[in-house]
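Take a look at the structure below.
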Amino acid sequence: MATLNRPHALLLPFPSQGHVNPMMQLSNILFSRGYYITFVNTEYIHDRMLKSESTNFKADFRFETIPDGIPPELSRTHNQLDEICKSLVDNCPAHLEKVVNKLKENPDVPPLTCIVYGSFMSWAQKTANRLGIPGIAFWTPSACGSYIYLSASLLVENGYIPLKDKSYLTNGYMEEEISCIPGMPLLRMKDVPSFFYDASRYIFEFLITQTQASMTADFMLINTFDELEEPVMQALRARFPVYGIGPLLEAEQQNGLSNSFASLWTEEKSCMQWLDDQELGSVVYVCFGSITVMSDQELVEFAWGLEGSKQPFLWVIRPDLIHGTSAKLPTEFVEKVKGRSFFASWAPQLEVLFHPSVGGFLTHSGWNSTLESICAGVPMICWPFFADQQINRTYVSQIWKIGIAMNDVVERREVEEMVKRLMIGKEAEEMKRRVGELRDASIRAVSKGGSSYNNLEKALLKMQGKNR
Ligand code: UDX
């Protein structure tokens, strides 16, 4: 198709690894369906993406950048989330308008057809409205996690959030069941994103306003598949036009596309040779995603737990994994696990999970990691940090039964026992069988005639302003 006749999607992810990757996957799929793609990153993220040697995306995408309003030398860790979110809302809308105007003035670029924004960037709906084109909120967390965000006002009305004071964190309130959200059994206060506990933090207001704004989108997309989260998807569909189109990484594979990603760190590829030398299904992959931080003590407890399990392991220790310092593993531990361990600062996670030597995943339950593990058929131990990760843990362990929920307090004996349960014996086999069934269901969902496939077809029509 001649460039100027192509439908043109502008995609705008929330500036963080776990949001950029699925937006990149969606862009890849839209590109394969004839779309002209403008991918809008913050300058900080784009710079990191280009500096890392571990990216895989279509060279034909058009990239535009907007400043996030924070000086480049300052870090963007979870400690700065309030400042980052405030700065995004204050600075980015005007810059997005500039990008849109620039695109309009370029005679070689087709007119914009739609804007797809990360659900926490829902201020972008106003630009879509001004242009008179569809605005689409893309939820990159799980449907169960997204549903909690979308029910935040209901939780406020029913007095669950914010917490009255800090004592509610320790007085048993966290175990309280929440019954005001239809379609979500087993929901407890401790599954609600901790951002909603404290109304004095800016992120509380940010999430409420962004999720409210996402409800004005023409429609919503979620990186999940109906069969995985059916009751939640049903409840969501009763309130909003929403389409489960995932897992996008599987959709890419089924469409013969190579998986897209834009790592902010450079992958240590040599771990793949190490995996080649390990026994089938024997390795525990340990990785806590892109934002999780832990204390020195937690690191040491994980270390001795892994040592005690006697299983080989590949452990990703990001340079910024430990609060305010660099990770120091006990020398005695490093000596003891020599020969059955590999440490990396960032790994090619998808390749790792799909490697036949990997038999289990000790994860922070980020939604991308969870979906990747399901697609690879690998059971999990869940140690969530924040956001949708707590509810993902509940679904993985209690609803899908494809993993084990760890307590929040890390204790070496528990880690050791859980790793053994994950890797050896009847329970391990059962989890492996069930995650294999979900993997097959995910392939069916994205294949021709499957739920995600059909949902994408409907969404594509709406994206071009048809059936609005
Ligand atoms: C954040 C939130 O924590 C998560 O709950 C939310 O759903 C999305 O944003 P993050 O910590 O980035 O997620 O974790 P996750 O969602 O799992 O995404 C991490 C991505 O980085 C995955 O695609 C994973 O494959 C990739 N990764 C991680 C690597 O490629 N190599 C690594 O070593 C670690």
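The values are calculated or read from the model by the stated rules, or taken from the named source; none is laboratory data. Model, not experiment: these values are computed from the prediction. With ideal geometry, Cβ positions are generated from the backbone for all residues, glycine too; neighbour counts draw on all protein chains shown.
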Starting from the range 134-146, keep only residues that are under 12 Å from residue 11 (Cβ atoms), then list their pairs with residues that are part of a loop (DSSP other than H, G, I, E, B) and within 11 Å of the ligand (Cβ to nearest atom) whose Cβ atoms are within a distance under 6 Å, requiring at least 6 positions of separation or different chains. 140/223
Out of all the residues in the range 30-49, which are within 16 Å of the ligand (Cβ to nearest atom) and either closer than 17 Å to residue 114 by Cβ or not hydrophobic (A, V, I, L, M, F, W, C) (or both)? 41, 42, 44, 48
Can you find, within the range 195-232, the residue that is nearest to residue 153 (Cα to Cα) among those that are among the charged types (D, E, K, R) and in contact (Cβ under 8 Å) with a residue 12 or more places away in the chain? 198
Restricting the range 247-263 to residues that are of a type in the set (A, V, I, L, M) and crowded, with 22+ Cβ neighbours inside 10 Å, the one farthest from residue 14 (Cα to Cα) turns out to be 251
Can you find even one residue in the range 299-314 that is within 16 Å of the ligand (Cβ to nearest atom), of a type outside the set (Asp, Glu), out of contact with any Pro (no Cβ under 6 Å at 6 or more places or on another chain) and at positive phi? no
Taking the stated definitions as given, is residue 105 more than 26 Å from the chain's Cα centre (by Cα), more than 16 Å from the ligand (Cβ to nearest atom) and surrounded by 13 or more Cβ atoms within 10 Å (Cβ to Cβ)? no
Note on residue 160: of the conditions (1) farther than 19 Å from residue 15 by Cα; (2) among the aromatic types (Phe, Trp, Tyr); (3) assigned to a helix (DSSP H, G or I), unmet is (3)
How many residues are touching a Gly at 6+ places or on another chain (Cβ under 8 Å), closer than 28 Å to residue 46 by Cα and within 14 Å of the ligand (Cβ to nearest atom) when one looks only at the range 210-263? 3
Going through the range 358-377 in order, the residues found to be outside any helix (DSSP H, G or I), touching a Gly at 6+ places or on another chain (Cβ under 7 Å) and more than 7 Å from the ligand (Cβ to nearest atom) are 359, 377
The range 321-355, subset within 22 Å of the chain's Cα centre (by Cα) and away from the ligand (no atom under 12 Å from the Cβ), residue modelled with the highest pLDDT: 355
The range 164-193, residues that are within 21 Å of residue 81 (Cα to Cα) and surrounded by 18 or more Cβ atoms within 10 Å (Cβ to Cβ): 191, 192, 193
Residues (outside any helix (DSSP H, G or I), closer than 13 Å to residue 219 by Cα and touching a helix residue (DSSP H, G or I) at 6+ places or on another chain (Cβ under 8 Å)) located in the range 94-144: 114, 115, 116, 117, 118, 134, 135, 136, 137, 138, 139
Top-ranked residue in the range 137-160 [being among the β-branched types (Val, Ile, Thr) and crowded, with 20+ Cβ neighbours inside 10 Å; ranked as nearest to the ligand (Cβ to nearest atom)]: 140
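Given the criterion part of a loop (DSSP other than H, G, I, E, B) and in contact with a strand residue (DSSP E or B) (Cβ under 7 Å, 6 or more places away or on another chain), identify the matching residue among 199, 217.
217
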Tell me which residues, restricted to the range 409-449, are part of a loop (DSSP other than H, G, I, E, B) and either on the phi > 0 side of the Ramachandran plot or without any contact (Cβ under 8 Å) to a residue 12 or more places away in the chain (or both). 409, 424, 425, 448, 449
Consider residue 93 carefully, then state whether it is exposed (fewer than 15 other Cβ atoms within 10 Å of the Cβ) and either within 16 Å of the ligand (Cβ to nearest atom) or touching a residue at least 12 places away in the same chain (Cβ under 8 Å) (or both). no
Working only within the range 19-53, note down all residues that are among the charged types (D, E, K, R) and part of a helix (DSSP H, G or I). 43, 47, 48, 51
When (1) surrounded by fewer than 16 Cβ atoms within 10 Å (Cβ to Cβ); (2) among the hydrophobic types (A, V, I, L, M, F, W, C); (3) part of a helix (DSSP H, G or I); (4) touching a residue at least 24 places away in the same chain (Cβ under 8 Å) are applied to residue 63, the one that fails is (3)
Unmet criterion (only one of (1) touching a helix residue (DSSP H, G or I) at 6+ places or on another chain (Cβ under 6 Å); (2) within 16 Å of the ligand (Cβ to nearest atom); (3) at pLDDT 95 or above) for residue 66: (2)
Matching residues, the range 4-18, being within 26 Å of residue 77 (Cα to Cα) and either more than 16 Å from the ligand (Cβ to nearest atom) or part of a strand (DSSP E or B) (or both): 11, 12
Residue hits (the range 156-186; within 16 Å of residue 235 (Cα to Cα) and out of contact with any strand residue (DSSP E or B) (no Cβ under 7 Å at 6 or more places or on another chain)) are 179, 180, 181, 182, 183, 184, 185, 186
Exactly one of (1) part of a helix (DSSP H, G or I); (2) modelled with pLDDT of 95 or more; (3) over 17 Å from the mean Cα position of the chain (by Cα) is unmet by residue 207. Its number? (3)
